[in-house]
Protein chains: 4
Amino acid sequence: MARPKGKREDIIQSATHIFANKGFHLTNINEIAEQAGIGKGTVYEYFNSKSDLFLEVMTYNVDKYLLRIQEAILSKEGFQEKLLAYIDTHQAIIGENYHITGLFISTPAALSTVADNGKEVMSILCGARDKTVKLVEDILILGAEEGILHHLHLDYYSDLFFEMVNKTSLRVFQLELSESEMLQEKECLISFLLKGIGK
Amino acid sequence: MARPKGKREDIIQSATHIFANKGFHLTNINEIAEQAGIGKGTVYEYFNSKSDLFLEVMTYNVDKYLLRIQEAILSKEGFQEKLLAYIDTHQAIIGENYHITGLFISTPAALSTVADNGKEVMSILCGARDKTVKLVEDILILGAEEGILHHLHLDYYSDLFFEMVNKTSLRVFQLELSESEMLQEKECLISFLLKGIGK
Amino acid sequence: MARPKGKREDIIQSATHIFANKGFHLTNINEIAEQAGIGKGTVYEYFNSKSDLFLEVMTYNVDKYLLRIQEAILSKEGFQEKLLAYIDTHQAIIGENYHITGLFISTPAALSTVADNGKEVMSILCGARDKTVKLVEDILILGAEEGILHHLHLDYYSDLFFEMVNKTSLRVFQLELSESEMLQEKECLISFLLKGIGK
Amino acid sequence: MARPKGKREDIIQSATHIFANKGFHLTNINEIAEQAGIGKGTVYEYFNSKSDLFLEVMTYNVDKYLLRIQEAILSKEGFQEKLLAYIDTHQAIIGENYHITGLFISTPAALSTVADNGKEVMSILCGARDKTVKLVEDILILGAEEGILHHLHLDYYSDLFFEMVNKTSLRVFQLELSESEMLQEKECLISFLLKGIGK
DNA sequence: GATGAATGAGCCTTCATTCAT
DNA sequence: GATGAATGAAGGCTCATTCAT
């Protein structure tokens, strides 16, 4: 929709899609160039190597994710509001980018073997995950301060909750849930968080 | 008098480790053969292609996982017992195979790009996950029947809980938790399941 | 008010040094342009191709060599004087340009494989060598006319003597000879020419 | 003529000819493989890289040269005999391999820029030249011991004489000399060595 | 005239796969 | 059945050259 401003960004966006669809090794530079409407050599005017490009693709998208999540949370006040903002924004991002989530949602061990600079890629992704979990933890702490949550082990719970939100977001698309089912699951998620599923 | 059946498994085990360490594309057949102590051509006596071998590696390990989890759950009676058996066994398997978890713990989308027969690999892994989630759901249903849990949305909650158990198991190794911290997190996990973290 | 003629020579001089250091194929146009302080495209305003530039580099330097040798010989009278002028000038040029001699001192066969227009390059270098040998022959003829040398086979001997002078000049730098050793070798060279090394 | 014994030698011989004709950079591995009647990949079963192959080509040929020269000199007794053996053998080798001499007869500086491992190549060639000059010096020393030559500066003269023999050998082919002209030049060469060209 | 972004032909190298032994 | 030498398709990357500005 948005016209990318520079050729560099064109390349990153083509690369994002193709890497996401085919993985690092099955993607070839030629295809990225074609999709970006440029020549193969031009890719190398902007990036030193395929691995470098991959790294920048990851950084670019991860930064975009983090920025948007952060803004969403900051724009709201109060535990309830911030929590919803986080859940909704995460889900929205997954929805808008479902076709490329494969690149970013994975375990460290899996990621480290994707490319030959896997270690660097891994550190970028782990860093982003850690930052997001931290944001979640801040929300939970706020909840505790508001007297809604208890204070114990919030670092662990935020780590868990990150996974839960992510899984919930993915379910929408994996199971092709309807709008109302989606809302229901969100309520269930928050209910789980607050009260568990014990009787 | 070498057992030919043994050679096939040798190859699968070598392949498991190397695929896990380096990923599908950075692994080469030669290395797998060497590690299995056989010639490169011999691999092709047992497997049609590298992709095939990968598929069988996945199947082999996934089946082993499923079998062990199933046995652990079946060997116990009652919600509480079965739940603990599941958690402990999952964690034990992760512990024993932490160096190869990267191969198996990932999202469908990510997996589909690992090999050129990614779709098949994905379906194996998704199938295994679904089966495990089903086992978890059975446990939760049992809990509901025992009056410990409520009955609502247990399909969703088992999906979530699978992630939570998995994440908790990984934390032990990622954060190098001590035995006592590990136990504490397990308690927290069950507490979360039963009561949530609301005050 | 930059003199365009100057820019052309700038390029030739940059190119001379880089070609000499790295050879034709390992040299790239970009580097030549940078060293000359101009843009890459500008090189193509003055030369049709890399091969062309190489050819002109060879011509430029070979002409400079020939001119200087010729003048040195012409400025002197008599066999002895001219011979010394030739030896000294050749050695001086080698000394001043030792870092680029690799480009020019070579056998025809070797040269023909340097660039893709190797045949042309070869003919330039062979031409220059032939002219120089001719100058040497003229000196030897003069020596014969003065009764110092005999008349036989001077074309062959001048060809040989050219190699001897060249080798002697290179030894100074290859073996890092002192000033006095250098003088001694020059005496030996002339002694060899006049009397051989027989007893 | 001689059937090469192994595939490795086939490759070295194909490579020798093509490198000699086109130089290192204009030669491509494909062509070497084709000429050797094998697939491109097979070259890499025997050599690690194009540069490695080049190095081995140089070593192989240089060793062959040295061995033959050494044997020729050793098989004779006395200054006169050994000197002639050296000259004749050198000339014979040049004759049999005239089409590849471009690879080997060159100045150190020129050689160092041929390939990207030019320094190693250079050291091989310089080493071979030094060894040959040493053999020549031994002959001259023998000549001095026999009272035919004087003793002074034989290291320098052997260096010079190596060039003279080489140049004389090349002239035969460059100028397409007849058999009798060839013999005459050899006599002139020895005469020059013993008596110079002074009257 | 000067520039340098864009280009794509070309080449080294890897490695899954085959097949003669 | 077992082997590993041989293969060639495929792809990352370089760099001489062009051309719009």
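Some notes on this structure:
- The angle between the Cα long axis of helix C:179-195 and the longest principal axis of the Cα atoms of chain C comes to about 60 degrees, rounded to the nearest 10.
- For segment A:77-88, putting each phi into the Karplus relation 6.51 cos²θ - 1.76 cosθ + 1.60 with θ = phi - 60° gives couplings of 10, x, 3, 3, 5, 5, 4, 4, 4, 4, 4, 5 Hz, in residue order, rounded to whole numbers and with x for Gly and Pro.
- Label geometry 7 Å along the beta-carbon vector: C:ASP130 inter-copy distances in nm: 3.7, 7.4, 8.5
- The ranking of B:ASP130, B:ASP155, A:ASP159 from fewest to most other beta carbons within 10 Å of each one's beta carbon is B:ASP130, B:ASP155, A:ASP159.
- Nearest-to-axis residue of chain D, judged by beta-carbon position, where the axis maps D onto A, in Å: D:SER49, 10
- Helical contribution to [θ] at 222 nm, DSSP H n ≥ 4, -39,500 (n - 2.57), averaged over chain C, rounded to 500: -25500 deg cm²/dmol
- Shielding value for C:155-163 is 6, the average number of Cβ atoms from other chains within 10 Å of each residue's Cβ.
- Taking the label point 7 Å along Cα→Cβ, D:TYR60 and its counterparts in the other copies are spaced 4.0, 4.2, 4.8 nm apart, in ascending order.
- Debye equation applied to the C-alpha atoms of the protein assembly as shown, log10 I(q)/I(0) at 0.05, 0.06, 0.07 Å⁻¹: -0.49, -0.63, -0.73
- Rg to Rh quotient for segment C:146-199, alpha carbon positions, Kirkwood Rh: 1.03
- Gain upon complete extension [A:ASP63, A:HIS99; 0.36 nm per residue less C-alpha separation]: 11.2 nm
- The same position A:SER191 in the other copies lies at 2.4, 11.2, 11.8 nm from this copy, comparing label points 7 Å beyond Cα toward the beta-carbon, shortest first.
- Phi-derived couplings, Karplus 6.51 cos²θ - 1.76 cosθ + 1.60 at θ = phi - 60°, listed residue by residue for segment A:132-143: 5, 4, 4, 4, 5, 4, 4, 5, 5, 4, 4, x Hz, with x used for Gly and Pro.
- Projected label points at C:ASP138 and A:ASP155, each 7 Å from Cα along the beta carbon direction, are separated by 9.1 nanometres.
- C-alpha long axis of helix A:7-26 to longest principal axis of chain A, angle in °: 80 degrees
- Across segment C:1-57, Cα-Cα pairs farther apart than 12 Å form 61% of the total.
- Euclidean distance of C-alpha centroids, segment B:153-180 and segment A:136-199, integer Å: 14 Å
- Given A:LYS76/A:LYS134; A:LYS195/B:LYS186; B:LYS22/B:LYS64, the pairs whose alpha carbons are separated by over 20 Å: B:LYS22/B:LYS64
- A cut-off of 5 Å between modelled amide H atoms, ignoring neighbours fewer than 5 places along the same chain, links C:LEU149 with C:ALA144, D:LYS199.
- Excluding same-chain neighbours fewer than eight residues apart, the lysines reachable from B:LYS40 by a Cα-Cα span under 17 Å are B:LYS7, B:LYS50.
- Rg over Rh, two decimals, chain B (C-alpha only, Kirkwood Rh): 1.04
- Assigned charges on the beta-carbon of Lys, Arg, Asp, Glu; segment D:11-80 dipole about Cα centre (debye): 160 debye
- Surrounding net charge for B:GLU81, when Lys and Arg each add one and Asp and Glu each subtract one, Cβ distance under 13 Å: -1
- Exposed loop positions in chain B were taken to be GluC sites (Glu not before Pro) whose DSSP state is not H, G, I, E or B and which have at most 11 other beta-carbon atoms within 10 angstrom. Between these positions, the longest stretch is B:78-175.
- Phi-derived couplings, Karplus 6.51 cos²θ - 1.76 cosθ + 1.60 at θ = phi - 60°, listed residue by residue for segment C:57-65: 4, 5, 4, 4, 6, 5, 5, 4, 4 Hz, with x used for Gly and Pro.
- In this label model, C:GLU187 and B:GLU9 are separated by 9.0 nm, measuring between points 7 Å along each Cα→Cβ vector.
No lab work stands behind these numbers, since they all come straight from the coordinates. Remember, it's a predicted structure, so these values are computed and weren't measured experimentally. Cβ coordinates were reconstructed from backbone atoms using ideal geometry, including for glycine residues, and neighbour counts include every protein chain displayed.
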